[in-house]
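The values are calculated or read from the model by the stated rules, or taken from the named source; none is laboratory data. Predicted model only: the values in this text are computed from it and were never measured. Positions of Cβ are backbone-derived with ideal geometry, glycine not excepted, and every protein chain shown enters the neighbour counts. The area values use the complete protein model at the heavy-atom level, side chains included, leaving out ligands, DNA and RNA. Shrake-Rupley method; radii C 1.70, N 1.55, O 1.52, S 1.80 Å.
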Amino acid sequence: KKLNGNDSAKGSSVYFHRFDTFGKTSDKDWVYALPDGERVLGCATGSGWCGVMTSRRLLRLFTVGGIQGPIIWLPGEPVTIVGRDRFMAVIYHRSMSPMQDGTQLLGYSIIDGVNGTTIATGDVSALSPGASLTWAGFTESCALTVMDSDGMLSLLARPNNELSSIGNWVPFLDTVGLKKSFSDNFWPVEVNGGRLVCVLLRGGKQHPDASRRPVTTTLKLRMPMATCLSMKSGVEEEASVRANIALDQRKLYDDVLVSEGKMDAEDIEEEYDTMCRQVDKITLKLFNTFVTAVLRA
């Protein structure tokens, strides 16, 4: 593509518009032309950075001011890229050939968008048999979440004792049972406040109508726990497991905020103690349910 009279710029163009900046367009917008033949396959932005993944299997980082940062080789063919705050996640093919049942073989890398440091990497094992990835995003506490073509929403639960730990994928919501019709689909927008914000699509549609603003709905997260036949503990048990996982993810994110000087350590600790007390209440309620069931047996 020709850019500013330069005939040699024949790759994709990266155009950045910073909405919250006032002044002349030339002071807030910037544009780059990639090398000949290199195409942009996806982009994401966060606090102070933006990233672009390309057809050459490269991840190119930029500051919001338009200064080029690190250029990183991706481990496989890129699938998608998402970002929030200073965190970026790139999902890629570990193998171009799926498993025998059709399940995609994908990997992920969580990267610091500011300096390009890899924080965590691993396999995207959160795909139902024969399913493919349909969505990825971060929660409000910057925990990576994905949804597959079977409607299963999963979260990457990383323990809070080490920032670079890999963690495990945990199913957080199975939307199949929430459909009123087999042809219904839930198009995810974000995961926030313990709920999936999404658009309900009917009639087999896969995407909302781009010509008008879609109407969103929220689905409360609920892990697909096994049903206990000897006592009624399903609600408290699920809430306890999910709350402890959410608490770990919040602690990880709070530690980052403190290290960056965005939050005061004492305020964060007070907030964390409040959350711990809320989780303890759920745990005590679950314990009381088990004790009552034993006494009645």
Taking region 119-160 and keeping residues hydroxyl-bearing (Ser, Thr, Tyr) and under 23 Å from Met96 (Cα atoms) leaves Thr121, Ser125, Ser128, Ser132, Thr134, Thr145, Ser149, Ser154
May I ask you to list pairs of residues, at least six apart or on different chains, whose Cβ atoms are under 8 Å apart, with the first in region 1-19 being modelled with pLDDT of 55 or more and the second being exposed (fewer than 15 other Cβ atoms within 10 Å of the Cβ) and of a type in the set (A, V, I, L, M)? Ser13/Leu3; Ser13/Val31; Val14/Val31; Tyr15/Val31; Phe16/Val31
Number of the condition not met by Arg39 [criteria: (1) at pLDDT 95 or above; (2) open to solvent by less than 20 Å² (accessible area, probe 1.4 Å)]: (2)
So Gly65, is it of a type outside the set (Lys, Arg), open to solvent by 20 Å² or more (accessible area, probe 1.4 Å), touching a residue at least 12 places away in the same chain (Cβ under 8 Å) and not in a strand (DSSP E or B): yes
Subset of region 46-90 (residues that are closer than 29 Å to Arg250 by Cβ and of a type in the set (S, T, N, Q)): Ser47, Thr63, Thr80
Within region 113-159, which residues are of a type in the set (Asp, Glu) and surrounded by 17 or more Cβ atoms within 10 Å (Cβ to Cβ)? Asp148
